[in-house]
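Q: Before anything else, here's the structure in question.
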Amino acid sequence: MNVLKVPARTIAIFVLPCLILYIGTVFVPILVSFYTAMLDWNGISDAKFVGLANFKILLFDDPNFWMSVKRTIMYAVFSIIEIPFCLLFAILLNRYVRKGNRLVTIYFVPVILSNVILGQLWKTIYNPASMGGMLNGVLIKLGLDSWTHSWLTEPAIAMYAIYFVSLWQYFGYHLLIQFTGVQNIPDEIYEAAKIDGADGFKADRYITFPMVVPIFKISVVLAFIGSLQAFELVMVMTGGGPAHATDTIATHMYNMSFLSQKYGYGSAVATFLVIFCLVITVIINGVFNKIERKVT
C-alpha cells in the first residue's frame, strides 16, 4: 500500500494561519499581561515601571490573595471529588439501564445553560425564606428551622454553597465523558473475562478502571483547570463577598483590576494564574502517565 507523502512546505502552508492565530490570541496576550504586571498603572494615567514590585506584593503583602488561592484550590478539589462518582454512575448506567445515553443527556442540560442564568436561579433558591427562597422554605416546612441560613451572606458557608452549585452543574459534563469512555470498551473483553471468572466489580477492577484511565485524566484536567478559572458563577451569586469570603483567583484579579483600578497588580494575579494552571497541568499529566504505565 502506497502512502501519500505530503511535502513539509505544504503542511506549513496549512498550519501557519492557525499557528499565527493561536499565537496572536494566546501567547501575545500572556506576554502583554506579564509586561503590564511590571507597571504601576490605573488604566488611565501614565504607567510607571516598577519591575517585580507587584509580584512581591502578591506573594508577601496581600493576605486576601492567598485566601483566594486557598478557596480556588478547594473549588478544584471538590470538582475532582465528584469524578469517581460520575465514573461509577456511568458504569451502572451502561450495565443496567437500557438507552442510558438518554439519561446522560438529561443530566447534561445544566452544562449548556449560561452561568449567569444558573447563578440567578440558585440565588433565588438560596435566598432567605422572607425573600421567597426555596431552600429555606422547604427546610421550614420539614420542621428543620435550625438548618436554615442566609446561604450567600454568611462567610462561613457562602463558598460551600457555590461549590455545591458547581458540582450540580458539571456532574452531567463529567458523566458524559466517563459514560463515553465506558461505552467504548469492547463487549468482547468483558465476555472473555466472564469466561475466566471475572464478572461485576472484579471485571471493573481489572478491565474498566485500567481502560478508562486516559478518559478519567481528561476529566480531572478539565475540572481542575476550569475550577482555577472560576469566575462567572461567583460574580453572579456573590461578587466575591461577603467581605471577600468567596473570592477566587479570577474574581480577585477582576476586583483589583477594574474596581480598585490597579491594572498592574491585576495583571500580576493573571500571570500567576496562567503559571499555576500550567504547573498543575504538568503535574496531573505526570501522575496519570505513571498510573497508565502501571495498569498497562
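Q: Given Cα pairs under 8 Å that are at least 6 residues apart, what percent is the relative contact order of the stretch 248-296?
A: It comes to 27 percent, rounded to a whole number.
Q: Starting from the Cα gyration tensor of the stretch 177-296, take the square roots of the eigenvalues, sort them a ≥ b ≥ c, and report rounded, prolate or oblate (rounded when a/c is under 1.5, otherwise prolate if a/b is larger than b/c, else oblate). Display every interim value, and only then the final one.
A: Values: a/c = 4.74, a/b = 2.80, b/c = 1.69.
Prolate, because a/c is 1.5 or more and a/b exceeds b/c.
Q: Continuing with the same structure: Does the stretch 97-153 come out rounded, prolate or oblate by the C-alpha gyration tensor, with a ≥ b ≥ c the root eigenvalues, rounded set by a/c under 1.5 and, if not, prolate when a/b is larger than b/c and oblate if not?
A: On the way: a/c = 4.13, a/b = 1.79, b/c = 2.31.
The shape class here is oblate.
Q: Treating the beta-carbon of each Lys and Arg as +1 and of each Asp and Glu as -1, no other charges, what is the dipole magnitude of the stretch 1-116 about its Cα centre, to the nearest 20 debye?
A: The dipole of the stretch 1-116 has a size of about 820 debye.
Q: Could you identify which residue out of N101, N255, N184 has the top mean-square fluctuation in a GNM of the chain using Cα springs shorter than 10 Å?
A: Of N101, N255, N184, the most mobile in the Gaussian network model is N184.
Q: While we're here: Name the residues whose placed amide hydrogens come within less than 5 Å of the amide hydrogen of L39, ignoring near sequence neighbours (fewer than 5 apart) on the same chain.
A: V50
Q: With a 1.4 Å probe and all protein chains left in place, how much accessible area per residue does the stretch 1-66 have, in Å²?
A: Details: 5510 Å² over 66 residues.
Each residue of the stretch 1-66 exposes 83 Å² on average to a 1.4 Å probe.
Q: Taking every pair of alpha-carbon atoms in the stretch 111-194, give the share separated by more than 15 Å as a whole percent.
A: Numbers: 2391 of 3486 pairs.
Summing the P(r) of the stretch 111-194 above 15 Å gives 69 percent of all pairs.
Q: For the cross-link pairs K70/K217; K99/K294; K70/K294; K70/K262; K5/K217; K5/K290, which exceed 30 Å when the distance is taken from alpha carbon to alpha carbon?
A: Details: K70/K217 23 Å; K99/K294 33 Å; K70/K294 32 Å; K70/K262 22 Å; K5/K217 34 Å; K5/K290 35 Å.
Where the Cα-Cα span goes over 30 Å, the pairs concerned are K99/K294; K70/K294; K5/K217; K5/K290.
Q: While we're on this one: Would you compute, from DSSP H runs of 4+ residues alone, the mean residue ellipticity of the chain at 222 nm, taking -39500 (n - 2.57) per run and dividing by the full residue count, rounded to the nearest 500?
A: Values: 13 runs with 198 residues, N = 296.
Dividing the helical sum by the residues of the chain leaves -22000 deg cm²/dmol.
Q: Kindly report, to the nearest 10 Å², the accessible surface of H174 as traced by a 1.4 Å probe over protein heavy atoms only.
A: Spelled out: H174, probe radius 1.4 Å, area about 10 Å².
Q: By the gyration tensor of its Cα atoms, with a ≥ b ≥ c the square roots of the eigenvalues, what is the shape of the chain: rounded for a/c under 1.5, prolate for a/b over b/c, or oblate? Can you show the working numbers first?
A: Numbers: a/c = 2.28, a/b = 1.17, b/c = 1.95.
Cα axes put the chain in the oblate bin.
Q: Starting with the highest mean, order 188-197, 12-21, 144-153 by the number of other Cβ atoms within 10 Å, averaged over the residues of each peptide.
A: Details: 188-197: 11.5, 12-21: 10.0, 144-153: 15.4.
The peptides rank, most packed first, as 144-153, 188-197, 12-21.
Q: Please report the carbon-and-sulfur percent of the accessible area for the chain; probe 1.4 Å, protein heavy atoms only, DNA, RNA and ligands left out. Walk me through the intermediate numbers first.
A: Numbers: 12170 of 17730 Å².
In the chain, the share of accessible area belonging to carbon and sulfur is 69 percent.
The values are calculated or read from the model by the stated rules, or taken from the named source; none is laboratory data. Only a predicted model underlies this, so the values are computations on that prediction, with no experimental measurement involved. Here Cβ is always computed from backbone atoms with ideal geometry, including for glycine, and neighbour counts include all displayed protein chains. Remember, those area values only see protein heavy atoms, side chains included, never the ligands or the DNA or RNA. Shrake-Rupley method; radii C 1.70, N 1.55, O 1.52, S 1.80 Å.
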